[in-house]
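Shown next, in structure tokens, is the structure this report addresses.
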Amino acid sequence: MAVTVLLEFKLKAEALAEARELMGRELQTTRAFDGNLATDVIVDEDDPTHWIIYERWESVEHDEAYRSFRAGEGRIAALPALLAVPPVKTRYLDTDI
């Protein structure tokens, strides 16, 4: 069953240009990762430092494999320095409602 993951980022204002460049590159890897159905970035119209990365995965297992990759060999080492606060991840399961 497909799942949706929202990653909420609050970036440092002075890091916006660098964050756009970094995530533009890194999200190519995310989009190509096995089981990724979609990955989009939405930005708060009133606060350009507030981003949500919207991801759709074929299954919880695909999402978990991706998280393991990003925690290990696919770690984005430059990202923490660009963040104002730690990111928040929320996973949502599809329902039959």
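Observations
- Once the Cα atoms are used to define both axes, helix 16-32 deviates from the longest principal axis of the chain by about 20 degrees.
- 0 to 90° range, to nearest 10: angle between helix 60-71 axis and the chain longest Cα axis: 30 degrees
- The relative contact order of the range 3-91, computed from alpha carbon pairs under 8 Å that lie at least 6 residues apart in sequence, is 48 percent.
- From the Kirkwood radius over Cα pairs of the chain, Stokes-Einstein at 20 °C and 1.002 mPa s returns a whole-number translational diffusion coefficient of 153 µm²/s.
- With loop membership from DSSP and a limit of 16 other Cβ atoms within 10 Å, the longest segment of the chain without GluC sites (Glu not before Pro) is 1-44.
Each value in this text was obtained by applying a stated rule to the coordinates, not by laboratory testing. All values derive from a computational prediction rather than experimental measurement. Cβ sites come from the backbone with ideal geometry, for glycine too, and all protein chains shown count toward neighbours.
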